[in-house]
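Undergrad: Below: one structure in C-alpha cells.
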Amino acid sequence: MTLIKAAVCNESKTDLTIEEIKLLSPEQDEIRVTVEACAICHSDITYIDGGWSIGYPVVLGHEVSGKVTEVGPGTKTKLDIGDQVVVSLIRTCGKCLACKRGHDVACTGKLRLHETSPLATKTGEVITHGLNTGGFAEEVVVHISQCVPVPKDLPAAFAALLGCGVMTGLGAVFNTAQVESGDTTVIVGCGGVGLASVQGAKISEAEYVIAVDPLENKRELAIELGATHALEPSEDLHEIIQDITGGRLADFVFVSTAAPSAISMSMQLIAPMGALVLVGMPEDGVKSEFDPGLLAARNQRILGSKMGTSKPHFDIPAMVDLWRDGKLDLENMVSSTYPLENINDALNEMRSGSAIRTVICPGV
C-alpha cells in the first residue's frame, strides 16, 4: 500500500478535490504505473456531471501514459520497471468466449479488479476505481492486460491519447466500419474522437472526408488533419453532401458526439448500403427513433463502436507506427496541459467545447 494524491469526485455536479488516498499494492497479473499524463475524455465529464450513474467517491480518468513502477507477485510479463506504457480501460481475461474471438471490448471474464477497488480513503472507505483505471492520480494499479508498451521517445501527453480518444476514433474507422479507398465518410462532431476518425478516414483513402461541427476552430483543424470538407450542422447537409459528391450520400456516418440530435440528423445522410456508426455515448435514458422499414429497404446498418472495437495490444503499436511515419498527428490533438492541482480548470475547458483534449500531468 502507498499513499498518493488523486482528484476525487465525492458527489456529482461538484468540483473534484485533491486528496491523499491509499493505493493498494498490485497482486498477481496486476501492475502499478506512475502517471505522467492523463487526458480528459467526455466520458469522465459525463460521470462527474451525473449523466451516468457511478458509486461515489470515485477517481476517474482513463487515458493514461506513464512508467511501470511495480509488478505484482507471480505476474508473467515482459514489462520491466521503468518501461513506458499506455494504460487503457479495456481489461481482458484472455479466457472467455469474447476474448477467444478477439473481441477485447466485450470480455466477460471475472478478474479481481472487477470485484474490488485498489483505492481507499485514509480512513479505509472504498473509492470507486473509475473506468477500470482511476487515472486522475499520481499512480494507478491496473490489470496487466490494460498496459501496452510504447517507445520512450513518444511524448507522454501524446501517448495518453492512444489510451481512449484516438484509439476509439481510429478504431471506429479501421475496425468497426472498415472504411476502404473511395468511400464517402461523414464525421459528425470534431472533438478528440471525431478528429481521430477524420485522420483514420484520410489514412484509409476515403474519397470524401466530410467533417461536421458547430465550432469554426474545430472545422479548421479538421481540414488541417485531412478532411476534404468541413460543414456546420445547421446547414442542409443532405443536399450539400450530394452537391459535394455528385449525388452520393455517405457510405459511413460516424457520430462522435453525444448530442441526441446528431443521431437523427445523421440518419438522413446515409446512402443505400451505408452504415451509421455510433461512437459517442449519450447520457443514460437518451432514446432515438428510426424507420426500420426504410433501414431494411435501403440495406442500411447501425453499428455500435465501443472503444473503436479495439484490441489495444494490436492497435496501439499500429498507431505509434502511424505517428512515427507522419500519418497520425497527435500534437494538434492536445489543446493544453495542466497540473493535477488545476484539474477543475481543465475540466471546465473541456466542458466549454472549444478544446480537443486537455491533459493532466501529475508530475508537473
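Since every read-out is calculated from the coordinates, none of them should be taken as a lab result. Nothing here was measured: the structure is a model prediction, and the numbers come from that model. Don't worry about glycine lacking a Cβ; one is built from the backbone with ideal geometry, like all the others, and counts go over all protein chains shown.
Undergrad: Project the alpha carbons of segment 26-81 onto their principal axes and report the range along each, largest first, in whole Å.
TA: Dimensions of segment 26-81 along the principal axes of its Cα atoms: 39, 22, 15 Å.
Undergrad: Stick to Cα atoms and the Kirkwood definition of Rh, then tell me Rg/Rh for segment 1-127. Show your work: numbers first, answer last.
TA: On the way: Rg = 15.5 Å, Rh = 16.1 Å.
Here the Rg-to-Rh quotient is 0.96.
Undergrad: Just from its helices, what would the mean residue ellipticity at 222 nm be for the chain, if runs of 4 or more DSSP H residues each count -39500 (n - 2.57) and the sum is divided by every residue, rounded to the nearest 500 deg cm²/dmol?
TA: Helices in the chain give a 222 nm mean residue ellipticity of -7000 deg cm²/dmol.
Undergrad: Quantify how much of the Cα-Cα distance distribution of segment 95-204 extends past 23 Å, in percent.
TA: For segment 95-204, the fraction of Cα-Cα distances above 23 Å is 47 percent.
Undergrad: Next question, about the same structure. Could you calculate the FRET efficiency of Gln268 with Asp325 from 1/(1 + (r/R0)^6), where r is the beta carbon distance between them and R0 is 51 Å, rounded to 0.05?
TA: Values: r = 37 Å, r/R0 = 0.72.
My answer for the efficiency is 0.90.
Undergrad: Let me ask another. Can you tell me how segment 277-364 classifies by the Cα gyration tensor, rounded, prolate or oblate, using a/c under 1.5 as the rounded cut?
TA: Since a/c reaches 1.5 but b/c is at least a/b, the shape of segment 277-364 is classed as oblate.
Undergrad: Over 24 Å, how big is the tail of the calculated P(r) for segment 169-306, in percent of all Cα pairs? It would help to have the intermediate numbers written out before the result.
TA: Numbers: 1772 of 9453 pairs.
Within segment 169-306, distances greater than 24 Å cover 19 percent of Cα pairs.
Undergrad: Report the residue, chosen from Gly169, Gly353, Gly194, that carries the largest GNM mean-square fluctuation when the chain is represented by alpha-carbon nodes joined by springs under 10 Å.
TA: Residue with maximal mean-square fluctuation among Gly169, Gly353, Gly194: Gly353.
Undergrad: Identify the residues of segment 127-162 with backbone N under 15 Å of a label point that sits 7 angstrom from the Cα of Ser25 along the Cα-to-Cβ direction, or state none.
TA: 141
Undergrad: Please identify, among Ala259, Ala230, Ala201, the residue showing maximal mean-square fluctuation in a Gaussian network model of the chain using a 10 angstrom Cα cutoff.
TA: Ala259
Undergrad: Structure shown: which of Lys110/Lys311; Lys67/Lys311; Lys218/Lys327; Lys5/Lys95 lie over 24 Å apart, alpha-carbon to alpha-carbon?
TA: Those over the limit are Lys5/Lys95.
Undergrad: What are the trypsin sites (Lys or Arg not before Pro) within segment 77-106 that DSSP puts in a loop, where the Cβ has at most 11 other Cβ atoms within 10 Å?
TA: Those satisfying the criteria are Lys78, Arg101.
Undergrad: Of all the Cα-Cα pairs you can form in segment 152-215, what percent are over 20 Å apart?
TA: That tail contains 27 percent of the Cα-Cα pairs.
Undergrad: List the residues whose amide H sits under 5 Å from the amide H of Val86, counting only those 5 or more places along or on another chain, with H placed 1.01 Å from N in the peptide plane.
TA: Correct list: Val148, Val150.
Undergrad: Follow-up question, since we're still on this one. So for the chain, what are the equivalent ellipsoid semi-axes in whole Å, largest first, each being the square root of 5 times an eigenvalue of the Cα gyration tensor? Display every interim value, and only then the final one.
TA: Working: eigenvalues 245, 86, 77 Å².
That gives 35, 21, 20 Å for the three semi-axes.
Undergrad: Using the C-alpha atoms of segment 199-262, what convex hull volume per residue, in cubic angstrom, is computed?
TA: On the way: hull volume 5.6 nm³, N = 64.
It comes to 88 Å³ per residue, whole-number rounded.
Undergrad: Right, here's the next one. Would you give the gap between the C-alpha center of segment 143-214 and the C-alpha center of segment 261-338, rounded to a whole Å?
TA: Segment 143-214 and segment 261-338 have Cα centres spaced 9 Å from each other.
Undergrad: Which FRET efficiency value, to the nearest 0.05, do you get for Ala296 and Lys100 by plugging their Cβ-Cβ distance into 1/(1 + (r/R0)^6) with R0 = 41 Å?
TA: On the way: r = 32 Å, r/R0 = 0.78.
Working from the Cβ atoms, E equals 0.80.
Undergrad: For the chain, with a Gaussian network of springs between Cα atoms less than 10 Å apart, report the residue from Thr75, Thr34, Thr309 with the top mean-square fluctuation.
TA: Thr75
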